[in-house]
Each structure stands twice: as C-alpha cells, then as structure tokens.
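Colleague: There's a structure below that I have some questions on.
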Amino acid sequence: MSGRADVLVVGAGPTGLFTACELLRRGVGVRLIDRAEGPSTTPKALALWPRALDLLDDLGVGGALRAAAFPVTGLDYFSGGTPLASFTIPEELRPVHLPQYETERLLTARLHELGGKIERGARLLAFDDVDYGGRIDATDGVTAVVEHGDAGVRRVRASFVVGADGAASAVRGALGIGFQGTTYPLSFALIDARVEGELPAGRLLYYQAASGTLMIAPLPGGVFRILAVLPGGGERVTVESMQRLLDERGPGGVVITEPVWQTVYRVHARTATEYQRGRVFLAGDSAHVHSPAGGQGMNNGLQDGFQLAWKLAAVLGGDSPASLLADYTAERSGATDRIVADTDRQTRAWMARTRTRIAVRDTLFRAADRSGLVPDRVFPVMAGRRVRYTPVRPTQEPSGRPRCRFLGRVPGRLRTGMVFPRELAVRYGMTGPGPAGWTLAVVPSSPYDDFPELAARALDPWPGVRRVVLHPFDAVPLTGCAEAGYHLVRPDGHIAAHGHARDLGRLRAELTGVLRPRG
C-alpha cells in the first residue's frame, strides 16, 4: 500500500463512507482505509432525521434507505407508569430508524458504483509533514504512515486527510488534539430484540421512574430497541435483567423473546479541541461524541462530511482558495455545541432521581404537551432544519435596517447561515442527483423588475455560479423576505449571504472571498 491520493479518508463508518462518496461524485480521487477486516455487523446508531435524509437523497441512496427503514411518528412519555406527554412529529420532520450496518451497506454499495473501494485491515500509525501551526498552505500534502497486514508499513501521500475513525480516533491521537468533556455518572443497558405484547406502531416510548428511564424504539423487521439507565451503574446486561427492568418500568405485558444484540456502555459528551490541523481534518465521532438522546450523532457526522467534501473538492479543483476551509472548525463545532447542549438536557431528565427533580421534570413535560410548541420549536431542531452557521462578515447580511433583518430574529424564520428551504431548492433544481454548486437565488419585486438582470451581470466573473429566478409567491412565504433581493446559496445548501437590490457590491465581495474569478 503506497502511492498518492487527493484525499485519504480514515474510517469506513457512516461518516467516512459518506464523505468518500461525496468526494468521488465531485471528481476527487479518494483512498478509504479502515482497520477492521470486515464491515460492521452491530446496529449501533439508528435515527436518520430529515436533513441527513436530504443529503442521502442527493447522493442517490435515499429511496433504498427509506424502503428498508422504519418511520417514527411521535414520542410518548410516562412517569411512574402514568401518561405524561405525547408529541406527534409533523410528517415532513419525521425520522426513520435503520440499523447502522444497513446504512453502511447502502453507502458501501454507492461507493462501489462511484468507483471507490474500502482498503480493510489498514491501521494508521502516524503522519509526516503535518503543519502543527494549522496553516493549510504550509505544505502541499500529508504523508500517512499505514500498517496494512502482511504488506507491512507503507506511506501514503495525500493532499488532504479526513479522520472519520471514531471516538478512539487514531487520526486525532496522531495529531495530539485533545478530546475534552465529561462522562455521565451512569451506564446504559441496551438490547435489540423481538418481543411479544402490544406496543404502539412507530412511537418512541419513554418510561421514567425513580430508578431510571427506560426507552423503547421501533426498528425494521419487528425488532425493538430497549434502552435502560442501569441502577447503581451496573456493568452487565442479560435478557433476564432487561426483562426485569422492562417489567419494573415499562408498559407491562411485553416479553423479550428473541435477542438480536445487547451491550452496556457509558455515555460521554466530548468534543475535539480542534477539528483541523494543517491539511488533516476530523469528522464524525473523531471530532465529537455525545448522548444518544435525540438520535443526533450519525446525522451530525454526515453533515461534517458533506461540508468537508464540497470544500475540499472546490480547493483541489482550483475553483476556491484554501482559505475556504478555514471556517470548518467554527461552523461545525458551533453546530455540535448546540447538539451537545440539547442532548445533555434530555439526558439529565433521564437521570432525575429525587422527588423534587422528578416533579420539576414532569411539570415541564406537561407544560410542553399543553403548549403545543414542541412540533414548531423542538422537532425542527431535531430534524436539522434549524442548523445555522453564524455570519461573521457584514457583507453576509443586507445593508441598512430592512424589515427581513428583524423578522429573522423570530424563532423559526429563515436567517443567513441556515439551510435554504428544501422545498424551494428541489422545485428550482438547486439540488438533486448531480453535485450542487453555488447558486444565486434571485427574487424580483415584479415581473418587470430589472434586478434579476443586474444580478446576472454581477456574476460575470464567476460563470460557474448558477442564477435562479424565484417567483415571489413561491419564495416569500418560505424566506420571509418580501423585498427584491437574493440569497447566495453554498453547495451544501447553507445561505452564505442575503441582500437586496442595493447590495450587489456586497454580493461581489462575498464571491471574491470564496471563488476564483474566471476569464
């Protein structure tokens, strides 16, 4: 094993596979290595929320994935056996459940269709030529020292490296990057099994008791995942012990008949102190781990990989300067920090033991149920519809004090840095099977407005930027901006900048920083 690659991806889990696929379909040469001798056979992560499903749709595996998965329609909470709260997830925000090995199988098949392969039994040992000052342009590549079974130790030269090799990341260790955070003072017992007894279809069930929480989640094939906080932090799980916890905390009348997988694990909330060092980047569990509450982990890793893939492709293809990659840590760590905070709140609710804490938790759940705010405020966040990369330059926002700038402060309204509405992106061909590029979505004030033509002229130095003229009736209800203007949309669907007719100079400034002019 030797030679050179545009990008070396370390780790063939969901994040590594997805990143490799996205790079390949953008014409980037990839080598994907994994230390395991064969594919994973454990279910591990289950939930795929709509934002991740969007990405998988565009990659071409969404249809097969949905056909194999089990849809989740809502969440029901109980306290001491008494119904506490029930939340139905709006259809457009619903996740699906699929064992991780099935997601990996579908991604592997797509990788092979794109001409890629997994080099198994390959263990990363070290790096040469890493610039520890963090400068991407300090070297022209990185040399990875890899041990490959009987073939011995080889060196692989790559322009960039993506470490997607899990929480015990060899890439992170070789770079000396810290992994800061905490470990929760409790253990979780988990069993995937077929059961006898009545359970509502498509519902996530949370049974909260003084001894700890028990969750039941549906999987494909008539299997259910039963997850329980272990009393006293026990370290062993058996069918008998899980049945006992199910009888004590659960709905009653449900019997575990056929175990599929079982494990005990500790929950950590940790993030890498840096997501990038020189030409080496971290993604997925290599960069962050957190509580499984809300099923956000795999979804977050796929979004890491998506951002890295389009940016690396743009830099390697000469379309963008290397500085395009400088925002990766800030953007993805910011998104991850919000997930860690959300999942921490949910996990601490599971840990409530004292009467006071249980009473406070139950009161909050009842209030949330009565208020009706969860479908509008919570589920869009869990679905990935509210991920936002905070603007850092004045030119990313409209000049002056337009009305839409204030409306953007209302929870749920579209803001710069958020993902452009999927409905509009699909309808106007801004995303789909082909790799998306930069798009300028223009909204005129009337059919006779000359602003779309002025915007087209502003794009002359960047012919690769696609201009799309949106009908105001389509755009205004979803964007919240009724004034003639534009949204500059990145290849990953996030809004890089928003402005109005007077802001075309700002638009040119934004494009100058991210794309090299042509001609």
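The values are calculated or read from the model by the stated rules, or taken from the named source; none is laboratory data. Because the structure is predicted, anything quoted here is derived from the model rather than measured. When we count neighbours, we look across all protein chains shown, and the Cβ atoms used for this are built from the backbone with ideal geometry, even at glycine. Keep in mind that these areas ignore ligands, DNA and RNA; they rest on the heavy atoms of the full protein, side chains included. Shrake-Rupley method; radii C 1.70, N 1.55, O 1.52, S 1.80 Å.
Colleague: How large is the charge dipole for the chain, taken about the Cα centre, if only the Cβ atoms of Lys, Arg (+1) and Asp, Glu (-1) carry charge, to the nearest 20 debye?
Modeller: The calculated dipole for the chain is roughly 1040 debye.
Colleague: Moving on. Under unit Cβ charges (Lys, Arg +1; Asp, Glu -1), what dipole magnitude, rounded to 20 debye, does the stretch 170-273 have relative to its Cα centre?
Modeller: Dipole about the Cα centre, nearest 20: 480 debye.
Colleague: Which whole-number percent of Cα pairs in the stretch 383-479 have a distance greater than 17 Å?
Modeller: Tail of P(r) above 17 Å: 61 percent of Cα pairs.
Colleague: How big is the accessible area of residue 108 in square angstrom, nearest 10, if you roll a 1.4 angstrom probe over the protein chains?
Modeller: Surface accessible to solvent at residue 108 totals approximately 30 Å².
Colleague: May I pose another question? What Cys residues in the chain are without a partner cysteine, judged by a Cβ distance under 4.7 Å?
Modeller: So far as the 4.7 Å Cβ criterion goes, 21 stand without a partner in the chain.
Colleague: Hey, what's the per residue convex hull volume over the C-alpha atoms of the stretch 159-293, in cubic angstrom?
Modeller: Taking only Cα atoms, the stretch 159-293 has a hull volume of 130 Å³ per residue.
Colleague: Calculate the radius of gyration of the Cα atoms of the stretch 42-81 to one decimal place, then report Dmax, the largest Cα-Cα distance, as a whole number, both in Å.
Modeller: 13.7, 45
Colleague: Run the simple label-point estimate for residue 4 and residue 509 please: 7 Å along Cα→C-beta, distance reported in nm.
Modeller: 3.9
Colleague: Same structure, new question: From the Cα trace of the stretch 1-132, what convex hull volume per residue do you get, rounded to a whole Å³?
Modeller: Convex hull volume per residue, Cα atoms: 176 Å³.
Colleague: Turning to a different aspect of this structure: Run the accessible area of the chain with a 1.4 Å probe and give the carbon-and-sulfur part as a rounded percent.
Modeller: Roughly 52 percent of what the probe reaches on the chain is carbon or sulfur.
Colleague: Let me ask you something else. Taking the Cα atoms of the stretch 241-308 alone, what are Rg (to one decimal) and Dmax (as a whole number) in Å?
Modeller: Reported Rg and Dmax, both Å: 18.0, 57.
Colleague: Mind ranking 183-194, 485-496, 205-216 by how tightly packed they are, going by the mean number of other C-beta atoms within 10 angstrom, highest first?
Modeller: Descending packing order for the listed peptides: 485-496, 205-216, 183-194.
Colleague: Give the relative contact order (percent, whole number) for the chain; include only Cα pairs under 8 Å separated by 6+ residues.
Modeller: Reported relative contact order: 16 percent.
Colleague: Still on this structure, please answer the following. Quick one, what does Rg over Rh come out to for the stretch 299-386 if you take C-alpha atoms and the Kirkwood Rh?
Modeller: 1.19
Colleague: A further question follows. Helix 14-24: angle to the longest alpha-carbon principal axis of the chain, degrees 0 to 90, nearest 10?
Modeller: 20
Colleague: OK, next. Counting other C-beta atoms within 10 Å, and keeping those with at most 16, which DSSP coil trypsin sites (Lys or Arg not before Pro) do you find in the stretch 97-150?
Modeller: The qualifying sites are 117, 135.
Colleague: Where in the stretch 210-318 are there GluC sites (Glu not before Pro) that are in a DSSP coil and have at most 11 other Cβ atoms within 10 angstrom of their Cβ?
Modeller: Passing both the DSSP loop test and the Cβ count: 235.
Colleague: Angle between the Cα long axis of helix 100-113 and the longest principal axis of the chain, 0 to 90 degrees, nearest 10?
Modeller: Taking Cα atoms only, the helix is inclined about 30 degrees.
Colleague: Let me ask something additional. Measure out, as a whole number of angstrom, how far apart the alpha-carbon centroids of the stretch 237-284 and the stretch 17-83 sit.
Modeller: 17
Colleague: What is the ratio of the Cα radius of gyration of the stretch 458-519 to 2.2 N^0.38 Å, where N is its residue count, to two decimals?
Modeller: Dividing the Cα radius of gyration by 2.2 N^0.38 Å gives 1.15.
Colleague: Report the gain in length on full extension from residue 502 to residue 101: 0.36 nm times residue separation, minus Cα-Cα distance, nm rounded to one decimal.
Modeller: So the extension gain works out to 139.2 nm.
Colleague: Tell me the angle of helix 504-514 to the major Cα principal axis of the chain, expressed in degrees between 0 and 90 and rounded to the nearest ten.
Modeller: The angle comes out near 70 degrees.
Colleague: With a cap of 11 neighbouring Cβ atoms within 10 Å, and only residues DSSP puts in a loop, list the GluC sites (Glu not before Pro) found in the stretch 1-99.
Modeller: 37
Colleague: Keeping all protein chains in place and using 1.4 angstrom, which order do 445, 320 fall into by accessible surface area, from largest down?
Modeller: So the residues, ranked largest to smallest area, are 445, 320.
Colleague: So what is the accessible area of the chain per residue, in Å², with the probe set to 1.4 Å?
Modeller: In whole numbers, the chain has 41 Å² accessible per residue.
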